[in-house]
Amino acid sequence: MVPAYLIIHHTGAEEKDAAQVRRYHLSLGWRDVGYHFLIERDGNTVAGRSPALPGAHCRTDGMNGRSLGVALIGNLEEHPPLPDQLTALLALLTGLCRCYAIPPERVLGHREVRGAKTACPGRYLDMNAVRHLLGEGLT
């Protein structure tokens, strides 16, 4: 799969780490965690499902088959991402945008996907600011 979009999520819960998220997704009968990358509270970026495989993070508008899913651990409806998470997110997105030639306008919060009915990635993650900072980092 060659992704055309990057979809940003929050896990919506306060899991301990990426391994806990993976265990939960496996308990649902999935073949792996639904996201391609997870960012833990300390900024550690953990590889999830292979980028060669479709995700299990956003069915809406067919995004599982044409995007990579990136999730920040935590409920960003309740609090903002931690500074280390935001730094790691921007670094990861910069690398993925360069690798796959994805422009910042195709980096979407889950709620921004056409037809999505969710608050994900939470009210405390400003996707316009993320895209702005990403654009600055790509120039």
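Nothing in this text is a laboratory measurement; each read-out follows from the coordinates by a stated rule. Everything quoted here is computed from the prediction, not taken from an experiment. Neighbour counts are summed over all protein chains in view; Cβ atoms, including those assigned to glycine, are modelled from backbone coordinates with ideal geometry.
Summary of values
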| item | result |
| --- | --- |
| Within the range 54-110, trypsin sites (Lys or Arg not before Pro) in DSSP loop having at most 15 other beta-carbon neighbours inside 10 Å | Arg59 |
| Cleavage-rule hits (GluC sites (Glu not before Pro)) in the range 1-43: DSSP loop, at most 14 neighbouring Cβ within 10 angstrom | Glu14 |
| Share of Cα-Cα pairs in the range 1-52 lying beyond 12 Å, as whole percent | 66 percent |
| Given the chain, longest segment not containing exposed loop chymotrypsin sites (Phe, Trp or Tyr not before Pro) (DSSP; at most 16 other Cβ within 10 Å) | 31-123 |
| Net dipole in debye of the range 5-138 [+1 Lys, Arg Cβ; -1 Asp, Glu Cβ; about Cα centre; nearest 20] | 540 debye |
| Anisotropy class of the chain from Cα gyration tensor, a/c 1.5 cut | rounded |
| Sequence of Lys16, Lys117 once ranked by neighbouring C-beta atoms within 10 Å, starting from the fewest | Lys117, Lys16 |
| For His9, distant residues with modelled amide H under 5 Å away | Val70, Ala71, Leu72 |
